Each structure stands twice: as structure tokens, then as C-alpha cells.
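The values are calculated or read from the model by the stated rules, or taken from the named source; none is laboratory data. Since the structure is predicted, the reported quantities are computational estimates derived from the model, not experimental observations. Note that we place each Cβ from the backbone using ideal geometry, even for glycine, and neighbour counts take in every protein chain shown. Calculation scope for accessible area: heavy atoms of the full protein, side chains included, ligands and nucleic acids excluded. Shrake-Rupley method; radii C 1.70, N 1.55, O 1.52, S 1.80 Å.
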Amino acid sequence: MRSHVDPCTFVVFLHVDGAAIDGALAKELRSRIFQQGESPNELLARLPIRTQQVRFHEDYHYWQGLRLPFVYRYATLALRQATRAFTHLSRQERTYSKWDCVLPEFERMSLDMRVGRYGSHLVCGGDEARFPAEVVEEVRISPLDLLECATSLAEFQVTQEGSRTDPVVFARWCKRNPATLEPYKFAAAYLADPALALRCILPLINATFHTSEPVRTFVELLGRLWGMFSTRKDDARKFLAQPEPCRWRDLFEHLLGQLPYEAEANADGYILGSPYHRIGLDEWVGGAITAEDGGRLVHPFLGVQARLWTEEQRASPEMGLLMDQPAWATAETFWRARQRFGPTLTVYRIHFDDGESRTFVSGIPDGSGFVSSGLSGASDWRGFLADFMTMYGAVRRASGAHFDEGQRTCHHKQCPHYEDNFCNSYLIIPQEHPNCGFPTRIARLVDTLKN
């Protein structure tokens, strides 16, 4: 089982080993023909239990796109960069297989910072920063590391049947499940209290994504947290003596208001080079106006769902637990959110033993989860989706950004377009490669946009 969420479109890609599927289901997955508009969701729900756990892992990543301002903002601005790049490349070179470009903004999620600790002190900076000789531990942390760590912690909370606040239980869980732990381990060592770190680290990480510099904010908040709880004053003891769920989100909201920002909130619409500032989710979900060209942007895959979540959380505040403390939300709230706020689009590729595969696309059947102008009816939104993923996949291949050669949707190695892999995100995989619509579709898009 391999999976990932694309950090720009927030499309989920799941690669499932067909050998792990029982024979009857595997046969049906191979042979079943779906009618136009028919959803494969019922069939896909019968996949193995481990697949369901991985699906929550990716659902939570999708929720990060809906609820964390830095992530939503990045995805929105990066998609604009991708569509502009496709237009530029179309005008520059009609033969798309020759395309090559550099998009440094796309690397923002993986840009790391050095973070060090000694005693009660924390330091952070880039490669050029000079750290004190007293530093006893130094790690490199990126926004992506923080997102993965948070997702591992959320997955632990909702799948662990015992204590969710016991570091020993968590360590045992991590031996059985792949997890990203560097930020948690660093926080536990700095606080000298793994139990405290386990209780607070998920809401702390989520709070960092309410600013333009998540890693810097991680250091700022962690230092302030140490100052509050290291002395074990009465207020601190009373707070920690409460059973979970404690009001960690309110605490970090208070601390976010104390940070030394360099500009006003929502200062600009740049992926790189922004001054340190707070980011508001409502402003970006509502269609923020960018400083660059005055354009109003709404993410086509996240915008509708993000607005709906905001509205529902106002009516039902318990939904606020789903990001920071999901294990303490009621089962009704949890499963309702899984049903209503599942990924707008999930791509399943089932890999069979003979090298063949089958690709299924699962999502909101009527297209109501997508934001695009002028769409009316199922055929319109499916056409929009196919065009969009064609353009985005081609830009991924041309730039190498968010691109993994192994994350193909197609198995037709004999196809003349297979090696170039500009079709890496194409969703309509026919039984025979000569029937694939990708070459015609991308040619039409290039001709349309080159003028």
C-alpha cells in the first residue's frame, strides 16, 4: 500500500497491492464495467482494513488543506503558478514532450530550517546561521515534516484503543505503524516531558500553520510552552491536571497573538519571500485578493469544502476537535466529518500480479465539490477535471515539482507516451492504450493556450 496527497490539488492517490485483496473482490475490480456517472465507492469500501487506516491518514492530510491557513494559501497560489506555467510553456514550445521549467515556489513545503536546543533555549535559522556551542541537539524541520508528524499523531489517536496520552503506548504503536516523529521527539526532549509533548504537540503543530513561517512558529510556541509549564505554577498544574480534551487550541491562539510578526496579517500573496505574518483562514477561503495582481483566488478543489466546514463548525463547535484532538470528538461528529469532508477526489490504482492495473476515481459524484465558473451538469465538470489534471500533470513532469515517477496512474508500458510520463496525473485509463484521450486532450489545450 502506497499513498500520497498532492500538496497543490489535494487529490489523494492510493496504490493498492492486488495480492492483498480476496479473490472475489479482485475479480470484480478487474472486470466490472461502470456506467457513465456511476460511483465505484461501494466497491472500493470493501478493500482491506489496512487500506481504511491509510484512507484516514490521507483524509487527515486533506483536512489540513481545508483547515490550516498556510496550507490552503500555499495550495491556492501554487495552482495559479501551475496554470500560468502551462500557458507559458504552450507559447514557448508546442511539443510538450520537450518542456522543461523551474518552479522554485513549488519547493516551499520541503524548505527546512535548522532547529537547536540547549537548556531552556531554542534557536533556529538557515544554513548560514551560527548556533551557540552549547547546543546539545540540532535537527532540520520543514513544513512537510510538521504536517506528516501531525498526521501520524492524529492517526494514532483514532486507531489506538488504549490510552492516547501515554508515551509508552505511543512508542508501541509506532513500532507497528509507519510514523514521522522528529518534531515530537525534539519537543519531548526539550520539554523533558514526553507525556506533556504527546498531549500538546498536535494542536501546537496545527497552530504553526496560522503563520507564514510554520517552523519558526514551532520554535516560538514551544519556547513559550516551556516557560508556562516548566515552573509548574498553580495555573499550569491546574491546567495539566484536567483530563483531555484540554483547551490547547485556545492556549495556542493566545500565544499566537504574542509573536513578533514583521507585517500585518495576510500581508501578501507570495509563496516565497513573505515577511513573517499571521494568515487568516477565512480571508483565503473567502477568496483572498493577492498583492501581485489584485486577483481573487479560490482553490478549485478545496474552496467549496473549506467554506462548508467553516459554516458547520460555527453551528457545531465540537468539529474543532477533529483537527487538534480527534480522539475526543464524538463518534457521530467524527464519522459525519469523514463522510461529508472526504477528499474531493481520490484516485485508486489497483496493482495486479500480472503487471496489469485498474484505476478508479472516487469523489463527489455530481461535481459539487469543485469551484469553477460556467459549469453546468456532470459532463462539464468531468471535462474541467480532465483538462485540469492534464495541465497540472504536465507541469509536474516539466518542472519535477511534486513529481514521483512511481506515482503513475497508468500501466501501459507499450504506449509511446509512457516513458515521457507527462500523463502522470491523467485519470481516464482505457483498457487499450490506443484508446487513451490524453494525447488529443493535451494537444487541444496547448493549441488553445498558446495564442
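Has the stretch 109-119 got at least one residue that is in contact with a helix residue (DSSP H, G or I) (Cβ under 7 Å, 6 or more places away or on another chain), within 17 Å of P214 (Cα to Cα), open to solvent by less than 20 Å² (accessible area, probe 1.4 Å) and part of a helix (DSSP H, G or I)? Checked against the condition, which is being in contact with a helix residue (DSSP H, G or I) (Cβ under 7 Å, 6 or more places away or on another chain), within 17 Å of P214 (Cα to Cα), open to solvent by less than 20 Å² (accessible area, probe 1.4 Å) and part of a helix (DSSP H, G or I), the stretch 109-119 yields at least one hit. If I ask for residues that are over 22 Å from L103 (Cα atoms), touching a Phe, Trp or Tyr at 6+ places or on another chain (Cβ under 7 Å) and hydrophobic (A, V, I, L, M, F, W, C), which ones from the stretch 264-279 would you list? Within the stretch 264-279, I279 is the sole residue that qualifies. Candidates are the residues of the stretch 124-139 that are in contact with a strand residue (DSSP E or B) (Cβ under 6 Å, 6 or more places away or on another chain) and open to solvent by 30 Å² or more (accessible area, probe 1.4 Å); the one that is farthest from P214 (Cα to Cα) is E134.
When you look at D353, is it acidic (D, E), surrounded by fewer than 15 Cβ atoms within 10 Å (Cβ to Cβ) and free of Cβ contacts under 8 Å to residues at least 24 places away in the same chain, yes or no? No; evaluated as a whole, the condition is false for this residue.
Between T165, T151, the distinction of being open to solvent by 30 Å² or more (accessible area, probe 1.4 Å) and not aliphatic (A, V, I, L, M) belongs to T165 only. Filtered by the rule that a residue be open to solvent by less than 30 Å² (accessible area, probe 1.4 Å) and part of a loop (DSSP other than H, G, I, E, B), the stretch 97-108 gives W99, C101, L103. The numbered conditions (1) under 23 Å from T448 (Cα atoms); (2) open to solvent by less than 50 Å² (accessible area, probe 1.4 Å); (3) in a loop (DSSP other than H, G, I, E, B) are all true for R94 except (2).
With respect to the conditions (1) farther than 30 Å from L256 by Cα; (2) buried (at least 20 other Cβ atoms within 10 Å of the Cβ), G65 lacks only one, and its number is (1).
So in the stretch 412-428, with the set limited to residues that are over 15 Å from A82 (Cβ atoms) and of a type in the set (A, V, I, L, M, F, W, C), which one is farthest from the chain's Cα centre (by Cα)? By that ranking, first place goes to C415. Tell me, please, whether a residue that is in contact with a helix residue (DSSP H, G or I) (Cβ under 6 Å, 6 or more places away or on another chain), modelled with pLDDT of 90 or more, within 30 Å of R340 (Cα to Cα) and open to solvent by less than 40 Å² (accessible area, probe 1.4 Å) can be found in the stretch 368-375. No, every residue in the stretch 368-375 fails to be in contact with a helix residue (DSSP H, G or I) (Cβ under 6 Å, 6 or more places away or on another chain), modelled with pLDDT of 90 or more, within 30 Å of R340 (Cα to Cα) and open to solvent by less than 40 Å² (accessible area, probe 1.4 Å).
Looking across the stretch 425-445, the residues that are open to solvent by 50 Å² or more (accessible area, probe 1.4 Å) and in a loop (DSSP other than H, G, I, E, B) come down to I428, Q431, E432. Pairs are defined by a Cβ separation below 7 Å, a sequence spacing of at least 6 or placement on different chains, a first member in the stretch 422-451 that is more than 14 Å from G383 (Cβ to Cβ), and a second member that is of a type in the set (K, R); the pairs so defined are F422/R397; N424/R396; N424/R397; N424/R408; S425/R396; V446/R94; K450/R91; K450/R94.
Every condition in (1) among the aromatic types (F, W, Y); (2) at pLDDT 95 or above; (3) more than 30 Å from G280 (Cα to Cα) holds for Y74 except the one numbered (3).
Just one of (1) surrounded by fewer than 17 Cβ atoms within 10 Å (Cβ to Cβ); (2) more than 22 Å from E105 (Cβ to Cβ); (3) within 25 Å of the chain's Cα centre (by Cα) fails for T409. It is (1).
Of the helices (runs of 4 or more DSSP H) entirely within the stretch 232-349, those holding at least 2 residues that are of a type in the set (S, T, N, Q) and within 19 Å of the chain's Cα centre (by Cα) occupy 303-315.
Scanning the stretch 15-40 for residues that are in contact with an Asp or Glu (Cβ under 9 Å, 6 or more places away or on another chain), surrounded by 10 or more Cβ atoms within 10 Å (Cβ to Cβ) and more than 22 Å from E432 (Cα to Cα) yields nothing. Report whether or not R296 is open to solvent by 30 Å² or more (accessible area, probe 1.4 Å), among the basic types (K, R) and modelled with pLDDT under 95. Answer is yes for this residue. Check R46 against each of (1) free of Cβ contacts under 8 Å to residues at least 24 places away in the same chain; (2) assigned to a helix (DSSP H, G or I) and name the one condition it does not meet. Result: R46 fails condition (2) only.
The set of residues from the stretch 203-219 being in a helix (DSSP H, G or I) and open to solvent by 40 Å² or more (accessible area, probe 1.4 Å) comprises just one member, R216.
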